[in-house]
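Novice: One structure coming up, written as structure tokens, with questions to follow.
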Amino acid sequence: MKFFIDTANLDQIREAQDLGILDGVTTNPSLMAKEGITGTDQVLAHYKAICDIVDGDVSAEVISTDYEGMLREAEVLAAIDEKIVVKVPMIKDGIKAINFLSQNGVKTNCTLVFTPGQAILAAKAGATYISPFIGRLDDISQNGLELIASMSQIFAIQGYESQILAASVRSPLHIVKCAEIGANVITAPLSAILALLNHPLTDSGLAKFLEDHKKASGQ
Ligand code: E4P
């Protein structure tokens, strides 16, 4: 399972990249705004800065909601760097745009997916990645992980090639469960990724090992 970081914060992207486990980055307009990135030139330059840090795919989201507008934006975004994946919302024009882009060699990420039916449409359109938002489903008392499990089963049976990119991941448990049920990729904040490191028995065990070593070597 690939690990993407879900942020536009360059320091956090560098930290995850330095850890050696990063396979890519996802952003969205809200994450860009959170970093104070506004205006087309600034946005495009920021995507380039992200591409220069990481080795893998970088999702850059279109703002247009009409087919022609999405294709215009996709052309500009895809020209930034070969790592760019054009992120397109799960709407009718978005599906048309994904179909066109995939047939023309542009990588796509279909975002804001909340049902297996939406995922099937995105897969039929040829999306490279499909992003089910599991945390936002949990927020409204629906089980986000059940959507990943359903997509996993459908994609295996139907032989769909799109990668299941579990998004809106909020916790280390989400990450572990996504790995168990067959997500191809998770995208998560740095805090959720780093939380995988933690266990109190690891901390106390290490403290004891170091203490015993110190005693044995007469320090
Ligand atoms: C992924 O592509 C989305 O940008 C992101 O995971 C949304 O997460 P949120 O629901 O925590 O905002």
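Novice: Per residue of segment 77-86, what does 6.51 cos²θ - 1.76 cosθ + 1.60 with θ = phi - 60° give for ³J(HN,Hα)? Whole Hz please, x for Gly and Pro, Karplus curve as stated.
Specialist: Going residue by residue, I get 5, 5, 6, 5, 6, 5, 6, 5, 10, 7 Hz, with x marking Gly and Pro.
Novice: Let me ask something else about it. As a check on your grasp of the helix formula, calculate [θ] at 222 nm for the chain: sum -39500 (n - 2.57) over DSSP H runs of n ≥ 4, divide by the residue count, round to the nearest 500.
Specialist: Values: 11 runs with 118 residues, N = 219.
Per the formula, -16000 deg cm²/dmol.
Novice: Another one. With every protein chain present, what is the per residue accessible area of segment 55-151 (1.4 Å probe, Å²)?
Specialist: Values: 4270 Å² over 97 residues.
Averaged over the residues of segment 55-151, the accessible area is 44 Å².
Novice: Right, here's the next one. Would you mind checking the tilt of helix 172-181 against the longest principal axis of the Cα atoms of the chain, expressed as 0 to 90 degrees and rounded to 10?
Specialist: Once rounded, one gets 60 degrees.
Novice: OK, next. Counting only protein heavy atoms, what percent of the accessible surface of segment 1-149 is carbon or sulfur at a 1.4 Å probe? Display every interim value, and only then the final one.
Specialist: On the way: 3440 of 6840 Å².
On segment 1-149, the fraction of accessible area on carbon and sulfur atoms equals 50 percent.
Novice: Additional query: Output the 0 to 90 degree angle, nearest 10, between the alpha-carbon long axis of helix 40-53 and the longest principal axis computed from the alpha carbons of the chain.
Specialist: Orientation of helix 40-53: about 40 degrees from the principal axis.
Novice: Can you run phi through the Karplus equation (6.51, -1.76, 1.60; θ = phi - 60°) for segment 118-126 and list ³J(HN,Hα) in whole Hz, with x for Gly and Pro?
Specialist: Each residue's phi maps through the Karplus curve to give 4, 5, 4, 4, 5, 5, 4, 6, x Hz.
The values are calculated or read from the model by the stated rules, or taken from the named source; none is laboratory data. A quick note: this is a predicted structure, and the numbers were derived from the prediction, not measured. Side chains included, ligands, DNA and RNA excluded: accessible areas come from the protein's heavy atoms. Shrake-Rupley method; radii C 1.70, N 1.55, O 1.52, S 1.80 Å.
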